[in-house]
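What follows is a short report on a single structure.
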Amino acid sequence: MELKLVTIDLDETLLRTDKTYDVDRFNKVLEKLNEQGIIVAVVTGNSYHKIHDYFTAEVLAKLYFACDNGNYIVKDGTPIKKTGIPYQDFTQIIDFIDEFDGYYPCLSLGDASYFRKKSGPAFDFVARYNNDLQYIPLFSELPEDSVVTKIAIATEDSLDKNKVLARIINERYENVTAVTSGDGWVDVYNRQGGKGSALAYLQDKYQIKAEESMAFGDSLNDESMMSQVYYSIAMENADVDLEMQCRFKIGTNNDQAVLGVLERYIQKGNLDFLNDKRTIKQ
């Protein structure tokens, strides 16, 4: 089957743990894939204003970006699809989160993020992931027509405890989905959104089948996009709960295993070599 769509998560997937990646290798791979008419999308929990840390203006124009867990899709610097949580819903969720200590919600509206602190450890942590982080004393001060593409909850809890928080939110609020997004984060977004919805949008736009699609990821916020593709690929460093939803497992982000797979595909012209990377999922 011919490959037509490649989607790649950023943190702990393309990016090494130190937030770097082999830029020259990636740019060469992207050029070759584009020459073959293959659409490449970066599908990430990061907001779009953070993306500029990793890609030059020239490369930005060659990629789709599905940011805020797929809820803010951008091409050539122009937002083309936005899925969000309405004002009434996100204010209720924030009120619930505020009942507990140690949780620090940050609201993304796609083009900017909002946080209720100006300094301190929580601010420093959240600021590392946001280039346009604006102070707001109360989230209820946002206009009532605001559409929040993601509630990113920074936590001091373990991954297992964050999974519990995500489960509680999912049980309590029927209109949203909550997922862990690596250590230290729980992301909440519209149930109609998520990374899988971004892939579905691109597949529908370009009439691409699941069998012609590939996705790389490491965390449970990548789970919904794995159900949209046949070539669902977990990193060796992936959450075991995500791995169970993927047909293939490759090396680590620090080994730049994503680039290795794509380079091998370009060289061989097929994906037969992935049979050696099969998991138990059929």
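The values are calculated or read from the model by the stated rules, or taken from the named source; none is laboratory data. Note that the coordinates shown come from a computational prediction; the quantities given were computed from them, not determined experimentally. Please note: Cβ atoms are built from the backbone with ideal geometry, for glycine as well, and neighbour counts cover all protein chains shown. Quick note on the areas: whole protein, heavy atoms, side chains included, nothing else; ligands and nucleic acids left out. Shrake-Rupley method; radii C 1.70, N 1.55, O 1.52, S 1.80 Å.
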Listed highest first by mean packing, meaning other Cβ atoms within 10 Å per residue, what order do 134-145, 49-60 come in? 49-60, 134-145
Two-site FRET efficiency, Glu58 against Asp241, from Cβ-Cβ distance with R₀ of 51 Å, rounded to 0.05: 0.85
What do you reckon, how do Tyr129, Tyr230 stack up by accessible area (1.4 Å probe), largest on top? Tyr230, Tyr129
Leaving out same-chain residues fewer than 8 places away, which lysines sit with a Cα under 17 Å from that of Lys277? Lys249, Lys268
Could you work out the per residue convex hull volume over the alpha carbons of the stretch 71-151, in cubic angstrom? 93 Å³
Considering only DSSP beta bridges where both residues belong to the stretch 146-282, give the percentage that are antiparallel (nearest 5). 60 percent
Per 5 Å bin, what is the whole-percent P(r) computed from every C-alpha pair distance within the stretch 1-136? 2, 9, 17, 20, 19, 13, 9, 5, 4, 2, 0
Please report the net charge: other residues with Cβ closer than 14 Å to the Cβ of Ala257, K and R +1, D and E -1. -4
For Ala112 and Glu35, compute 0.36 nm times the residue count separating them, minus their Cα-Cα distance, and round to one decimal in nm. 24.4 nm
Just how many pairs of Lys in the stretch 143-209 have C-alpha atoms closer than 27 Å, counting pairs that are eight or more places apart or on different chains? 8
Calculate, in nm to one decimal, what Glu263 and Thr78 gain on full extension: separation in residues at 0.36 nm each, minus their alpha carbon distance. 63.7 nm
In square angstrom, what is the accessible area per residue of the chain with a 1.4 angstrom probe? 45 Å²
Under 5 Å, built H, 5+ apart or other chain: amide partners of Arg191: Val176, Thr177
Computed [θ] at 222 nm, helices only, for the chain once each DSSP H run of length n ≥ 4 contributes -39500 (n - 2.57): -8500 deg cm²/dmol
Whole-percent carbon and sulfur contribution to the accessible surface of the stretch 174-268 (1.4 Å, no ligands, DNA or RNA) stands at 40 percent
Residues of the stretch 171-188 with backbone N under 16 Å of the label point set 7 Å from the Cα of Arg128 along Cα→Cβ are 181-186
By the scheme Lys and Arg +1, Asp and Glu -1, what is the net charge of all other residues having a beta-carbon under 12 Å from that of Ile168? +2
Along the dipole axis of the chain (charges at Cβ: +1 for Lys and Arg, -1 for Asp and Glu; origin at the Cα centre), the most positive-end residue among Tyr103, Gly45, Trp185 is Gly45
Degrees between helix 257-268 axis and first principal axis of the chain (Cα, 0 to 90, nearest 10): 30 degrees
Gaussian network model of the chain, Cα within-10 Å springs - most flexible of Gly251, Gly184, Gly77: Gly77
Residue by residue, what Karplus-based ³J(HN,Hα) values in Hz, rounded to whole numbers, does the stretch 241-247 have, using 6.51, -1.76 and 1.60 with θ = phi - 60° and x for Gly and Pro? 5, 6, 3, 5, 9, 10, 7
Output row, site Gln192, 7 Å Cα→C-beta label point, backbone N cut-off 15 Å, window the stretch 26-66, residues none
So, over other residues within a Cβ distance under 15 Å of Lys150, counting Lys, Arg +1 and Asp, Glu -1, the net charge is -3
Lys pairs in the stretch 19-131, Cα-Cα under 29 Å, at least 8 apart or on separate chains: how many? 28
What do you get for Rg/Rh over the chain if you use C-alpha atoms and the Kirkwood form of Rh? 0.96
Using the alpha carbons of the stretch 243-282, what is the convex hull volume per residue in cubic angstrom, as a whole number? 67 Å³
With a ≥ b ≥ c taken as the square roots of the eigenvalues of the C-alpha gyration tensor of the stretch 98-204, please select rounded if a/c is under 1.5 and otherwise prolate if a/b is larger than b/c or oblate if it is not? oblate
Counting only protein heavy atoms and leaving out ligands, DNA and RNA, the solvent-accessible surface of Asp101 at a 1.4 Å probe, in Å² to the nearest 10, equals 150 Å²
Full-stretch length increase - Glu141, Asp101 - with 0.36 nm per residue and alpha-carbon distance subtracted: 12.2 nm
